[in-house]
Amino acid sequence: NQPIGGGFDEKFEVLGRGLESVLGAYTAKPLAKSFSMSYGLFQDYAFREFKKPSLTFEIIGDDFVVNVTTIKTRGLEVYKGINQFAKEVTVFNGGDATPTKPSCGD
(Lines give C-alpha, C1' and ligand atoms only; values in the text may rest on other atoms or scores of the structure.)
Protein backbone atom coordinates (compact mmCIF):
# COMPACT_ATOMS: atom_id res chain seq x y z
CA ASN A 1 0.00 0.00 0.00
CA GLN A 2 2.83 2.37 -0.92
CA PRO A 3 2.35 5.54 -2.97
CA ILE A 4 3.33 5.26 -6.63
CA GLY A 5 4.93 8.70 -6.72
CA GLY A 6 5.72 10.89 -9.70
CA GLY A 7 2.29 12.56 -9.52
CA PHE A 8 0.47 9.34 -10.42
CA ASP A 9 -1.29 8.99 -7.06
CA GLU A 10 -3.00 12.33 -7.60
CA LYS A 11 -3.88 11.46 -11.19
CA PHE A 12 -5.52 8.22 -10.05
CA GLU A 13 -7.48 10.12 -7.38
CA VAL A 14 -8.86 12.51 -10.01
CA LEU A 15 -9.67 9.63 -12.36
CA GLY A 16 -11.49 7.77 -9.56
CA ARG A 17 -13.55 10.82 -8.59
CA GLY A 18 -14.55 11.28 -12.23
CA LEU A 19 -15.83 7.71 -12.38
CA GLU A 20 -17.65 8.09 -9.09
CA SER A 21 -19.44 11.14 -10.52
CA VAL A 22 -21.25 9.04 -13.15
CA LEU A 23 -21.48 5.64 -11.47
CA GLY A 24 -23.43 6.62 -8.37
CA ALA A 25 -22.84 3.91 -5.76
CA TYR A 26 -19.40 3.12 -7.18
CA THR A 27 -16.43 3.70 -4.91
CA ALA A 28 -13.09 3.98 -6.67
CA LYS A 29 -10.29 1.88 -5.19
CA PRO A 30 -7.13 0.24 -6.45
CA LEU A 31 -7.82 -3.27 -7.74
CA ALA A 32 -5.27 -4.89 -5.45
CA LYS A 33 -7.26 -3.56 -2.48
CA SER A 34 -10.36 -5.29 -3.85
CA PHE A 35 -8.83 -8.76 -3.78
CA SER A 36 -7.25 -9.24 -0.35
CA MET A 37 -3.54 -9.94 -0.88
CA SER A 38 -3.46 -10.10 -4.66
CA TYR A 39 -0.87 -8.44 -6.83
CA GLY A 40 0.58 -8.93 -10.25
CA LEU A 41 -2.76 -8.46 -11.96
CA PHE A 42 -2.95 -7.42 -15.62
CA GLN A 43 -3.82 -3.88 -14.54
CA ASP A 44 -0.58 -3.74 -12.57
CA TYR A 45 1.38 -4.87 -15.62
CA ALA A 46 -0.35 -2.34 -17.89
CA PHE A 47 0.53 0.51 -15.58
CA ARG A 48 4.09 -0.59 -14.86
CA GLU A 49 4.85 -1.25 -18.51
CA PHE A 50 2.99 1.63 -20.20
CA LYS A 51 2.19 4.09 -17.36
CA LYS A 52 -1.47 3.97 -18.42
CA PRO A 53 -4.49 3.28 -16.22
CA SER A 54 -6.95 0.50 -16.97
CA LEU A 55 -10.50 -0.22 -15.93
CA THR A 56 -12.19 -3.29 -14.47
CA PHE A 57 -15.94 -3.48 -14.02
CA GLU A 58 -17.49 -5.40 -11.15
CA ILE A 59 -21.22 -5.30 -11.84
CA ILE A 60 -23.63 -5.27 -8.90
CA GLY A 61 -25.06 -8.66 -8.01
CA ASP A 62 -24.52 -11.85 -6.10
CA ASP A 63 -24.39 -14.24 -9.05
CA PHE A 64 -23.47 -14.47 -12.73
CA VAL A 65 -27.15 -14.96 -13.63
CA VAL A 66 -29.29 -11.90 -12.99
CA ASN A 67 -32.91 -10.96 -13.33
CA VAL A 68 -33.58 -9.72 -16.85
CA THR A 69 -35.05 -6.48 -15.47
CA THR A 70 -31.59 -5.37 -14.22
CA ILE A 71 -29.72 -5.77 -17.51
CA LYS A 72 -30.69 -2.41 -19.02
CA THR A 73 -29.76 -0.54 -15.84
CA ARG A 74 -26.37 -2.26 -15.47
CA GLY A 75 -25.68 -1.82 -19.19
CA LEU A 76 -26.30 1.92 -18.92
CA GLU A 77 -23.97 2.10 -15.92
CA VAL A 78 -21.21 0.32 -17.88
CA TYR A 79 -21.78 2.61 -20.89
CA LYS A 80 -21.51 5.73 -18.71
CA GLY A 81 -18.43 4.33 -16.99
CA ILE A 82 -16.61 3.58 -20.24
CA ASN A 83 -17.37 7.04 -21.63
CA GLN A 84 -16.26 8.78 -18.44
CA PHE A 85 -13.13 6.62 -18.24
CA ALA A 86 -12.20 7.72 -21.78
CA LYS A 87 -12.53 11.38 -20.74
CA GLU A 88 -10.60 10.88 -17.52
CA VAL A 89 -7.79 8.94 -19.22
CA THR A 90 -7.35 11.80 -21.69
CA VAL A 91 -6.81 14.17 -18.76
CA PHE A 92 -4.64 11.58 -16.95
CA ASN A 93 -2.38 11.48 -20.02
CA GLY A 94 -2.10 15.27 -20.12
CA GLY A 95 -4.68 16.01 -22.80
CA ASP A 96 -7.75 18.22 -22.87
CA ALA A 97 -11.05 16.64 -21.81
CA THR A 98 -12.78 18.28 -24.78
CA PRO A 99 -11.37 17.26 -28.17
CA THR A 100 -10.93 20.01 -30.74
CA LYS A 101 -12.52 17.89 -33.48
CA PRO A 102 -14.34 14.56 -33.72
CA SER A 103 -12.09 11.52 -33.85
CA CYS A 104 -14.16 9.94 -36.63
CA GLY A 105 -13.40 12.60 -39.24
CA ASP A 106 -10.32 13.89 -41.02
Q. How many residues, within region 42-59, are out of contact with any helix residue (DSSP H, G or I) (no Cβ under 7 Å at 6 or more places or on another chain) and exposed (fewer than 14 other Cβ atoms within 10 Å of the Cβ)?
A. 8
Q | Long-range neighbours under 8 Å by Cβ, at least six apart or interchain, first residue basic (Lys, Arg) within region 84-98, second surrounded by fewer than 14 Cβ atoms within 10 Å (Cβ to Cβ) | A | 87/97
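Within region 56-72, restricting attention to residues that are farther than 20 Å from residue 20 by Cβ and in a loop (DSSP other than H, G, I, E, B), which residue is farthest from the chain's Cα centre (by Cα)?
Taking region 56-72 and keeping what is farther than 20 Å from residue 20 by Cβ, we get 62-72.
When the remaining residues are screened for being in a loop (DSSP other than H, G, I, E, B), the result is 62-67.
Details: 62: 21, 63: 22, 64: 21, 65: 24, 66: 23, 67: 25 Å.
Within region 56-72, the match that is farthest from the chain's Cα centre (by Cα) is 67.
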Q: Taking the options 16, 6, 75, name whichever one is at pLDDT 80 or above and either in a loop (DSSP other than H, G, I, E, B) or among the polar types (S, T, N, Q) (or both).
A: 6
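If we keep just the residues of region 32-55 that are in a loop (DSSP other than H, G, I, E, B) and farther than 16 Å from residue 92 by Cα, which is modelled with the lowest pLDDT? Break it down into steps so the answer makes sense when it comes.
Here is the first cut: in region 32-55, the ones in a loop (DSSP other than H, G, I, E, B) are 35-41, 51-55.
Then keep just the ones that are farther than 16 Å from residue 92 by Cα; that gives 35-41.
Details: 35: 52, 36: 49, 37: 53, 38: 54, 39: 59, 40: 64, 41: 75.
By that ranking, first place goes to 36.
The values are calculated or read from the model by the stated rules, or taken from the named source; none is laboratory data. Just so it is clear, the model here is predicted, and its values are computed rather than measured. In this analysis, Cβ positions are derived from the backbone assuming ideal geometry, glycine residues included, and neighbour counts consider all displayed protein chains.
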